[in-house]
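Trainee: Here it is, the structure in full.
The values are calculated or read from the model by the stated rules, or taken from the named source; none is laboratory data. A quick note: this is a predicted structure, and the numbers were derived from the prediction, not measured. With ideal geometry, Cβ positions are generated from the backbone for all residues, glycine too; neighbour counts draw on all protein chains shown. Accessible surface is based on the protein model in full, side chains and every heavy atom, while ligands, DNA and RNA are left aside. Shrake-Rupley method; radii C 1.70, N 1.55, O 1.52, S 1.80 Å.
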Amino acid sequence: MTDMVISTSLITYSVYSLNRLTDLEEDASNLPERVDFIKPKKNIILFLSLFSYLIALIFGGLKNKNTIPIFLIPFIMGLIYSIKISSFRLKDLFLAKNLTVSLSWALSAALLPHVFGGDIGATSMIFIFLFIKCFVNTVVFDVRDIEGDRKVRANTIPVVVGIEKTMSILLFMNSLLFVWLFICLKKNLFLDYIPAILFSIIYAYFYIFLFCRKVSKKINFDYAVDGEFIILFLLSKIF
């Protein structure tokens, strides 16, 4: 399954790099240093992103041709919500960004093990877990980007309801994972990974408070969120 790990890593790199190119306007206000770094290298980033995606599709197709449509889900969904047609962009609609990103990553990640023999019950539970995790993560970053999103009139949850109510929504969504965990225990699903999953739920409370309370504006806390799955991978190997 090494080629699947390589493929999914390349797809993650590709999609997030392409998103950096489509978000330059928002990032000019939120993360100007990122824009200064990316702008002179736009063509190189675009080429490497598309090339990485192509390699991922080839690796996946050679292993199992059913992986190709699954691998295309994040790319297609990313195009739908990022590209602006005239003055309209799906991403600017309330909840559209969060639901689109969460759906695309959760669906592709849940379906991938399914094509290699997973059962529908486990696939459904993987989808629910990742959908909630991705939803929380995207909204957390919307809290960080609230000023830039206001300037470009992107109707994110923090822009529409404010940071305090957003934090309440995030805490509620993350707490739903305890219900998910209880169902897994009842159905004897993912028992080997319970410690890692429990850590993930508790850890999310940490970065929700970190972003919503703005502990320090001088420190970039992005790695606290983006690095979570690296920690989960290590924990899953340990347990």
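Trainee: With the Cα gyration tensor of region 39-85 giving a ≥ b ≥ c as the square roots of its eigenvalues, does the rule (a/c under 1.5 for rounded; else a/b larger than b/c for prolate; else oblate) give rounded, prolate or oblate?
Mentor: Oblate, since a/c reaches 1.5 and b/c is not below a/b.
Trainee: Helix-only mean residue ellipticity at 222 nm, the chain, DSSP H runs n ≥ 4 weighted -39,500 (n - 2.57), per residue, nearest 500. What is it?
Mentor: Roughly -25500 deg cm²/dmol at 222 nm, from the helical runs in the chain.
Trainee: How large is Rg over Rh for region 103-164, taking Rg from the Cα atoms and Rh as the Kirkwood inverse mean of 1/r across Cα pairs?
Mentor: Details: Rg = 15.6 Å, Rh = 13.1 Å.
The Rg/Rh ratio comes out at 1.19.
Trainee: Can you compute the modelled spin-label distance between Phe94 and Leu54, with each label point 7 Å from Cα toward Cβ, in nm?
Mentor: 4.3
Trainee: Where in region 119-153 is the amide nitrogen less than 17 Å from a point lying 7 Å along the Cα-to-Cβ axis of Phe182?
Mentor: 129
Trainee: Using heavy-atom solvent-accessible surface (probe 1.4 Å) with all chains present, what is the largest-first order of Tyr81, Tyr203, Tyr13, Tyr223?
Mentor: Tyr223, Tyr13, Tyr203, Tyr81
Trainee: Let me ask something else. Using only Cα atoms, figure out Rg for region 100-230 and give it as a multiple of 2.2 N^0.38 Å.
Mentor: Computed over Cα atoms of region 100-230, the ratio equals 1.13.
Trainee: What are the ³J(HN,Hα) couplings of region 187-192, residue after residue, when phi is run through the Karplus curve with 6.51, -1.76, 1.60 and θ = phi - 60°? Round to Hz, x for glycine and proline.
Mentor: For region 187-192, the Karplus curve yields 9, 6, 9, 6, 4, 5 Hz.
Trainee: Starting from the Cα-Cα distance between Ile230 and Ile194, subtract it from 0.36 nm times their residue separation and give me the gain in nm to one decimal.
Mentor: Result: 11.3 nm gained on full extension.
Trainee: Follow-up question, since we're still on this one. Nearest 20 debye, what's the magnitude of the dipole of the chain about its Cα centre given +1 on Lys and Arg Cβ and -1 on Asp and Glu Cβ? List each step's numbers first, then the result.
Mentor: On the way: 24 positive and 18 negative charges, 39 e Å.
With Lys and Arg at +1 and Asp and Glu at -1, about 180 debye.
Trainee: What label, among (1) 16.1; (2) 12.2; (3) 13.3, belongs to mean projected area of the Cα convex hull in nm² computed from the structure on display?
Mentor: Answer label, from the structure shown: (3).
Trainee: Could you give each residue of region 109-120 its phi-based ³J(HN,Hα) in whole Hz, using Karplus coefficients 6.51, -1.76, 1.60 with θ = phi - 60°, and x for Gly or Pro?
Mentor: 5, 6, 6, 4, x, 5, 6, 9, x, x, 8, 5
Trainee: Order Lys133, Lys39, most accessible first, counting only protein heavy atoms with a 1.4 angstrom probe.
Mentor: Lys39, Lys133
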